[in-house]
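The values are calculated or read from the model by the stated rules, or taken from the named source; none is laboratory data. As the structure is a prediction and not an experimental result, all values here were calculated from the model. When we count neighbours, we look across all protein chains shown, and the Cβ atoms used for this are built from the backbone with ideal geometry, even at glycine. Only protein heavy atoms, including side chains, enter the accessible area calculation; ligands, DNA and RNA are left aside. Shrake-Rupley method; radii C 1.70, N 1.55, O 1.52, S 1.80 Å.
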Amino acid sequence: MRLALVSDIHGNLAALDAVIADMKNRHIQCVVNLGDSLSGPLLPLETAERLSSLPWLHVAGNHERQVLRLPIERQNATDAFTSRQLNPTTRHWLADHADPCDARLHQAQMWPQHLGDDVALCHGSPRSDVEYLLETPVGESARLASWAEIEERLAGLVPEHITLLACGHSHVPRSVRWGSGLLIVNPGSVGVPAFEDDHPHPFSSFHRVENGSPDARYAVVEKRNKQWSCELISVPYDHESMALLAEQRQRPDWAYALRTGRMPRA
């Protein structure tokens, strides 16, 4: 079994196409998209149309939930822009695979049987789509989560027979071998290498994530002899075209992040 893991595309079609091209000679059997596919001031409609043409498995992220379920007047600027761009066809496609209010769909995403009975998927952590699994926001940054923090976030929600848990949300590419049998993989973000977040956390009400490079990120995982291995991949692409588009959309913060992998300071 050889899988590609992507996450947090955020409407960056140029980065998505670069990742798709990079996958072509890697003998991938299935691609799993871990959510937050469209939201951003870039190309949400075009990204939805591209993704809907692909035979990928999709998981809902927090931005799918927000776009699908929050009234537009309660959405942040990024989600509201995305909501206004989507047409009925793409909105139906998004709801069909990522409606977070469908409990049966959530179970199918978390435990996708056609990938094998040892694979589990989530966007954030198994208990929340807005919780990082492998990082902890502290002050204005996010550090690597401690073993105790990861254990608390798993919270007995991942059965012992699971040997691969894929997550996203933090945009930080990382793999962790948990115990003797479980590999946890975050492929990083395809489309956004840096961001700022004011979602409240126990140790931070505002923090930045910065990968320090404009490259698109994804991962390839492979199962051999009953064990999973992971390759974290960094793909250069025409990020300047997306930065210019962000500037046209009056989002200089996105433009700076797309060019540098960092966030601007005042």
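Considering segment 178-210, and only residues there that are in contact with a His (Cβ under 8 Å, 6 or more places away or on another chain) and acidic (Asp, Glu), the residue that is surrounded by the most Cβ atoms within 10 Å (Cβ to Cβ) turns out to be ASP197. Checked against (1) touching a Leu at 6+ places or on another chain (Cβ under 6 Å); (2) over 16 Å from SER189 (Cα atoms); (3) polar (S, T, N, Q), ASN25 passes all but condition (1).
With respect to the conditions (1) at pLDDT 95 or above; (2) over 18 Å from LEU42 (Cβ atoms); (3) open to solvent by 70 Å² or more (accessible area, probe 1.4 Å); (4) of a type outside the set (Val, Ile, Thr), LYS226 falls short on a single one, namely (1).
Exactly one residue among LEU42, LEU5 is part of a loop (DSSP other than H, G, I, E, B), open to solvent by less than 10 Å² (accessible area, probe 1.4 Å) and touching a Leu at 6+ places or on another chain (Cβ under 7 Å), and that residue is LEU42. Quick check, is HIS171 in a loop (DSSP other than H, G, I, E, B) and modelled with pLDDT under 95? No.
Pick from GLY116, GLY139, GLY124, GLY156: which is on the phi > 0 side of the Ramachandran plot, small (Gly, Ala, Ser) and modelled with pLDDT of 90 or more?
Numbers: GLY116 fails: modelled with pLDDT of 90 or more; GLY124 fails: on the phi > 0 side of the Ramachandran plot; GLY156 fails: modelled with pLDDT of 90 or more.
Within the list GLY116, GLY139, GLY124, GLY156, the selection yields GLY139.
Scanning segment 8-22 for residues that are surrounded by fewer than 24 Cβ atoms within 10 Å (Cβ to Cβ), farther than 26 Å from HIS114 by Cβ and in contact with a strand residue (DSSP E or B) (Cβ under 6 Å, 6 or more places away or on another chain) gives a single hit, ALA18. Quick check on segment 237-247. Is at least one of its residues out of contact with any helix residue (DSSP H, G or I) (no Cβ under 9 Å at 6 or more places or on another chain), open to solvent by less than 50 Å² (accessible area, probe 1.4 Å) and either in a loop (DSSP other than H, G, I, E, B) or farther than 17 Å from GLY11 by Cβ (or both)? No, the conditions are met nowhere in segment 237-247.
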